[in-house]
1. Just for the range 86-123: of the residues that are closer than 20 Å to residue 141 by Cβ and hydroxyl-bearing (Ser, Thr, Tyr), which one is surrounded by the most Cβ atoms within 10 Å (Cβ to Cβ)?
2. In the range 130-148, what residues are surrounded by 11 or more Cβ atoms within 10 Å (Cβ to Cβ) and more than 14 Å from residue 87 (Cβ to Cβ)?
3. When the residues of the range 147-167 are narrowed to those that are over 24 Å from residue 117 (Cα atoms) and among the aliphatic types (A, V, I, L, M), which ends up modelled with the lowest pLDDT?
4. Can you tell me which of (1) over 13 Å from residue 144 (Cβ atoms); (2) among the small types (Gly, Ala, Ser); (3) loosely packed, with under 14 Cβ neighbours inside 10 Å is the one residue 127 doesn't meet?
5. State which residue pairs qualify: first residue assigned to a strand (DSSP E or B) and inside the range 125-143, second residue basic (Lys, Arg) in any location, beta carbons under 6 Å apart, and separation of 6 or more residues or different chains.
6. Filter the range 96-117 down to the residues that are in a strand (DSSP E or B) and either modelled with pLDDT of 90 or more or hydrophobic (A, V, I, L, M, F, W, C) (or both) and list them by number.
7. Restricting to the range 128-151, name every residue that is out of contact with any Gly (no Cβ under 6 Å at 6 or more places or on another chain) and more than 16 Å from residue 64 (Cα to Cα).
Amino acid sequence: MTKHLTTLTTAAVLAALFSGCADAEPPEPAVSLERPSTSTVFSSQSSDQPLPADDVFFPDAFAEDNTLYFRVQMLPGYYLYKDKIGLRSLSDGVDVDGEPLDDKWSVSETIVDEWFGEQAVFYIEASGAARLAQQETDVRSVDIELTYQGCKEDGLCYLPVSKVLSVEMPAQLESAADQTE
């Protein structure tokens with residue numbers, strides 16, 4: 001009987017201790033187990049985590065007549081080196097003059113870079129144009145490799161980036177002989 005009384009007493013004590021626990025809210029975890037969003041980790045406000053180059057620089061290109069127009073837009077606080085921008089054709093039948101046309105560049109600014117010295121750079125957008133030489137008339141698109149290198153204003157610089165852009169070729173103009181008929 002003493003054993004039975006001890007068991008009942010222990011059960012009564014435990015019931016008193018845990019009464020109301022079923023209605024209680026679970027405690028808040030000390031550390032959140034949710035993954036932070038990429039916008040939080042790589043926000044432009046965070047200087048601890050740099051953004052990947054693909055999230056900073058946005059290249060595109062198009063062709064008109066015998067000219068290839070290209071641009072690289074970028075987030076505020078970043079810039080591209082003018083002399084680190086290059087072009088080349090990866091497709092047979094079309095060549096690109098690797099040197100962009102001087103009169104087609106967007107406006108650049110001059111900075112003094114601690115590694116490269118005085119440099120022309122682009123903020124917000126770098127754009128230019130280069131001549132296309134089409135050897136074959138049935139080429140409908142061309143793959144262009146656009147290379148560039150840029151930095152964040154706080155000194156973080158990216159390795160050179162190469163992007164392949166597929167550019168639709170403009171319709172061929174009629175020859176002078178075809179127009180006289």
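1. Of everything passing the filter in the range 86-123, 89 is surrounded by the most Cβ atoms within 10 Å (Cβ to Cβ).
2. Passing the criteria: 134, 139, 141.
3. Among those that are over 24 Å from residue 117 (Cα atoms) and among the aliphatic types (A, V, I, L, M), it is 167.
4. (3)
5. 125/71; 127/71; 128/104; 129/104
6. Selection gives 96, 109, 110, 111, 112, 117.
7. Within the range 128-151, 145, 146, 148, 149, 150, 151 meet the criteria.
The values are calculated or read from the model by the stated rules, or taken from the named source; none is laboratory data. These numbers were taken from a predicted model, which means no experiment stands behind them. All Cβ positions, even for glycine, are placed from backbone atoms using ideal geometry, and neighbour counts span all protein chains on display.
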